[in-house]
1. When only residues in the stretch 52-65 that are in a helix (DSSP H, G or I) and over 15 Å from residue 77 (Cβ atoms) count, which is farthest from the chain's Cα centre (by Cα)?
2. Considering only helices (runs of 4 or more DSSP H) fully contained in the stretch 201-305, which possess at least 3 residues that are outside the structural domain of residue 38 (by TED's automatic domain parsing) and more than 27 Å from the chain's Cα centre (by Cα)?
3. So residue 188 clears everything in (1) closer than 19 Å to residue 155 by Cα; (2) surrounded by 16 or more Cβ atoms within 10 Å (Cβ to Cβ) except one condition, right? Which one?
4. Looking at the stretch 316-324, is at least one residue buried (at least 16 other Cβ atoms within 10 Å of the Cβ) and within 21 Å of residue 262 (Cα to Cα)?
5. Tell me, please, whether a residue that is farther than 30 Å from residue 125 by Cβ and part of a helix (DSSP H, G or I) can be found in the stretch 36-51.
6. Given the conditions (1) of a type in the set (S, T, N, Q); (2) over 25 Å from residue 44 (Cα atoms); (3) out of contact with any Asp or Glu (no Cβ under 8 Å at 6 or more places or on another chain), and given that residue 73 satisfies all but one, which numbered condition is not satisfied?
7. Looking at 9, 37 in this structure, which one is among the hydroxyl-bearing types (Ser, Thr, Tyr), closer than 30 Å to residue 232 by Cα and touching a residue at least 40 places away in the same chain (Cβ under 8 Å)?
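The values are calculated or read from the model by the stated rules, or taken from the named source; none is laboratory data. Owing to the predicted nature of the structure, the values given are computational and were not obtained by experimental measurement. Using ideal geometry, Cβ is built from the backbone for each residue, glycine included, and neighbour counts are taken over all protein chains shown.
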Amino acid sequence: MYSHLPLDTLYIDLNSCFATVEQQARPMLRGRPIAVTNRLAGNACIVAASYEAKAHGVKVGMRRYEAEALCPSLIFTETDPDKYTFVYRQLRKILSSYSPDIAMKSIDEGTINLAASPPHLRQLDHAELVSELKTRLKTEIGCYMRCNVGISSNCFLAKLAAELHKPDGYDEITPDNQRQIFQTLSLRDLPGINYRLEARLNAVNIFTPLEFLDADEATLTKLVFKSIDGKKWFQRLRGLEVDAISNQIHSIGRQYVLESRNLPRDKIEAHIIHLAEDVGQRLRRKHLYARGVYLWLGDLDGTPVHRSILLKSPIHTDADIIHVARQLYSRLPSTARIVGITLYKLQPTPERQLHLNQPQINRSHRLCQATDAINRRFGYRTIFNADSFGTSQVKVKIPFGSTRFL
């Protein structure tokens, strides 16, 4: 870390967000092991676990039956997107009151650029500021809410600081303590370092975070990452900010694990239509149009089969997206365990070329606008395509890693 860099990045991370929100909303769940899944099925994946569940070895990504074997008293609850969206917006509101320069890294994580804060806030001691943040979290969101906070000179080190003492911790990484902290960690304790990157570092005799920190820029760029990523890691480890968020959206997709591999073809198509409506709604919410549609089917442990098409004219209505999705599905197998659809080649405005059936196109657009307005006012899927009837188990998906649709 360069000694002249100010400690002006604060990173806040809500502890076991979805599970804690459920415990906040239902006091009877507090202090008990709970797991949150997208649906209450035997093969459902756990998307969040309370600290009481984690103490039994329950982890995010486990199947329900695996978690129950570790913790027979585990309580399962289904995701409730409205709750999590409310908490996200309240958290964003709190962070925004400290600085005009904030960034939500995910639904339960955000950063504050303290350098842009008003003078009276910049004069506060960091410990006093963090204490106030934690208090506001409890008073403005809920008394059971807890968070970890980290402060450093860039987002990477601030996030690492926030992960040091969970739950409800607060740490700073400074030029004076960075080497001491790195000495207690493994490579995979560093945000962004997975098994694959750890193996690449090991191949050049880098086995610890301290060795990673001491590696020269040429080694990281030419031997480990073999790209500009090596330079970014060299700077990131030294406290320079290289992780600015890009707001550009390149694709919009959704996937769903089917209830059974033996669903008839019309039932699989109904799920595809449901997903098409979902991605279409998100596309229009961002005022975008798509020229590319990609559809894929597969088993949970196999290579998916897929079809895609690049259209001459961009589309954004449900009718158009469903029509293309049906065409693609007609060229795919009749069996699947998981289905997915992605819109790509996105653009902000449609091409202005007039068509012979322009009146019909205009009617379709107006119908889509009216449907969106009704669904926004009265709730998700108040109106939907009749051919997706019977797929109500496909819930609204709330992603941890992206807030662009919130």
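1. 65
2. Counting at least 3 such residues, we get 209-214, 265-285.
3. It fails just one condition, (2).
4. No, because not a single residue in the stretch 316-324 is buried (at least 16 other Cβ atoms within 10 Å of the Cβ) and within 21 Å of residue 262 (Cα to Cα).
5. no
6. Here residue 73 meets the rest and fails (2).
7. On the way: 37 fails: closer than 30 Å to residue 232 by Cα.
9 is the lone residue from the list that is among the hydroxyl-bearing types (Ser, Thr, Tyr), closer than 30 Å to residue 232 by Cα and touching a residue at least 40 places away in the same chain (Cβ under 8 Å).
So that you can scan it fast, the table gives a plain yes or no per residue for (1) crowded, with 17+ Cβ neighbours inside 10 Å; (2) of a type in the set (Gly, Ala, Ser):
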site	(1), (2)
182	yes, no
195	no, no
202	no, no
236	yes, no
270	yes, yes
276	yes, yes
